[in-house]
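Peer 1: First the structure, then my questions, so here it is.
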Amino acid sequence: MIELERIRPEVLRGSFPMVCGDCRYTDVGTGWRGIVWQMCLDLERLPAGSVKITELGEKMGGLRVSMHTDGLSPEQEAAVRLAKVLAEERSRYLCEVCGEIGSIRRPPDGSAEWLRCRCHRHMPRDQTAWPIIRRERRHRIGGQYWVYDHLLDRMRVDELTAEKIYQTYRGILSVGAVDHVPVGWLAILDEYLRAAATSMEGADFRIQRIVEAHGGLDLESTSRPMSMTDPRFDSLERLGILLEARSLTTCRECGRRGHGYAIDGDIQTLCDDHAVGTLIRERDLGFVRATLDGFVRYDIETDSLVDVEHPAGDA
């Protein structure tokens with residue numbers, strides 16, 4: 001068993017008092033010291049007291065940073081998220097013990113082993129034959145989707161295409177299902193498909209068609225008859241509502257914040273730069289949908305569904 005030397009919270013507090021003054025718990029190895037220090041240096045450029053790291057831990061073999069922010073602009077919030085995600089993504093390629101190039105290995109089914117990022121020198125011999133876990137993760141930050149480029153060691157905006165989405169989720173997509181989805185909605189569709197594929201794993205679930213209707217995304221899916229008491233039914237229903245709500249507030253052309261516009265008898269969701277036609281002001285008053293358990297309202301500020309008691313919203 002390799003003894004793991006850990007980053008001490010008092011060292012963090014002494015080195016970065018503005019950012020780590022409230023940090024009382026750390027459970028990560030000193031091999032990640034460099035990426036943690038770089039993240040803290042980036043965060044110290046923001047207004048004093050606006051970012052506080054409270055905990056450094058480990059999740060699924062990589063770094064997990066817990067923090068809270070206060071009084072930041074949307075652009076500053078995005079900068080915080082990028083710094084945090086960059087550190088977490090870097091940790092998945094660096095040995096937690098020494099900081100050299102490492103990898104996370106998938107243990108055999110039934111194994112109780114924890115996921116760890118280790119180099120060959122610090123990896124137990126029996127684990128070197130385990131398959132490496134390499135999964136590109138997309139992060140929604142500042143209205144865009146970002147991925148970590150391991151070769152360039154930086155975050156970059158992910159350029160999605162309909163073909164890339166189809167190849168990624170072909171197990172639940174019929175041929176041609178995404179061919180007519182506007183480019184500005186590909187990112188929110190990708191997020192829906194990722195969550196739906198996870199929720200419906202093992203089920204006979206397939207999406208036949210995804211089209212633009214009344215300014216938003218509409219999809220048709222098929223699955224084996226599923227009891228309405230099955231928790232997957234509620235999960236899938238809410239995912240579909242969230243997808244529709246996001247599309248109704250996202251520009252179909254570029255993916256930025258959008259509004260509904262009437263154009264020659266049709267409705268399109270467009271941002272200020274792509275706007276044509278007549279603005280439909282009623283569309284900005286709220287989005288509420290019925291579920292089996294009541295009503296939900298889409299909160300655009302938190303990008304989430306909120307349970308409400310009345311179809312009019314919170315009234």
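Peer 1: Would you say A83 is surrounded by 18 or more Cβ atoms within 10 Å (Cβ to Cβ), under 17 Å from the mean Cα position of the chain (by Cα) and small (G, A, S)?
Peer 2: Working: surrounded by 18 or more Cβ atoms within 10 Å (Cβ to Cβ): yes; under 17 Å from the mean Cα position of the chain (by Cα): yes; small (G, A, S): yes.
Criteria met by A83.
Peer 1: Could you count how many residues in segment 196-249 are modelled with pLDDT under 90, surrounded by 14 or more Cβ atoms within 10 Å (Cβ to Cβ) and assigned to a strand (DSSP E or B)?
Peer 2: 1
Peer 1: Could you check how many residues of segment 94-118 are in a strand (DSSP E or B) and not polar (S, T, N, Q)?
Peer 2: In the first step, residues of segment 94-118 are kept if they are in a strand (DSSP E or B); the result is 94, 101, 103-105, 117-118.
If we keep only those that are not polar (S, T, N, Q) as well, we get 94, 101, 104-105, 117-118.
So the answer is 6.
Peer 1: List the pairs whose first member sits in segment 114-138 and is polar (S, T, N, Q), whose second member is at pLDDT below 85, and whose Cβ atoms are under 9 Å apart, counting only residues at least 6 apart or on separate chains?
Peer 2: Sorted first by the residue in segment 114-138, then by its partner, the pairs are Q127/E113.
Peer 1: Something else now. Given the condition of a type in the set (V, I, T), at pLDDT 90 or above, closer than 23 Å to V157 by Cβ and touching a strand residue (DSSP E or B) at 6+ places or on another chain (Cβ under 8 Å), answer yes or no: does some residue in segment 292-306 qualify?
Peer 2: Checking segment 292-306: not a single residue is of a type in the set (V, I, T), at pLDDT 90 or above, closer than 23 Å to V157 by Cβ and touching a strand residue (DSSP E or B) at 6+ places or on another chain (Cβ under 8 Å).
For (1) in contact with a Gly (Cβ under 8 Å, 6 or more places away or on another chain); (2) closer than 17 Å to I2 by Cα; (3) in the same structural domain as V51 (by TED's automatic domain parsing), each residue gets a yes or a no:
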position	(1), (2), (3)
A87	no, no, yes
E96	yes, yes, yes
R105	no, yes, yes
D109	no, no, yes
R116	yes, yes, yes
P124	no, yes, yes
Q127	no, yes, yes
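Peer 1: Would you mention how many residues in segment 91-118 are of a type in the set (D, E) and modelled with pLDDT of 85 or more? If you could, list the steps in order and put the result at the bottom.
Peer 2: Of the residues in segment 91-118, the ones of a type in the set (D, E) are 96, 100, 109, 113.
Filter again for modelled with pLDDT of 85 or more, leaving 96, 100.
Qualifying residue count for the region: 2.
Peer 1: Output the residues belonging to segment 258-288 that are at pLDDT 90 or above and part of a strand (DSSP E or B).
Peer 2: The answer is H259, G260, Y261, A262, I263, D266, I267, Q268, T269, L270, T278, L279.
Peer 1: Being modelled with pLDDT of 95 or more and not aromatic (F, W, Y) is the requirement here; does K59 meet it? Write out each step before concluding.
Peer 2: Details: modelled with pLDDT of 95 or more: no; not aromatic (F, W, Y): yes.
Judged against the criteria, K59 is not a match.
Peer 1: Which of the following residues is in contact (Cβ under 8 Å) with a residue 40 or more places away in the chain and of a type in the set (F, W, Y): Y148, Y166? Explain how you work it out, then say what you get.
Peer 2: Numbers: Y166 fails: in contact (Cβ under 8 Å) with a residue 40 or more places away in the chain.
On inspection, the qualifying residue turns out to be Y148.
Residue-wise test of (1) modelled with pLDDT under 95; (2) outside any helix (DSSP H, G or I).
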| position | (1), (2) |
| --- | --- |
| G31 | no, no |
| G34 | no, no |
| P47 | yes, yes |
| T54 | no, yes |
| R64 | no, yes |
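The values are calculated or read from the model by the stated rules, or taken from the named source; none is laboratory data. Computed from a predicted structure; not experimentally measured. Cβ atoms come from the backbone with ideal geometry, glycine included; neighbour counts cover every protein chain shown.
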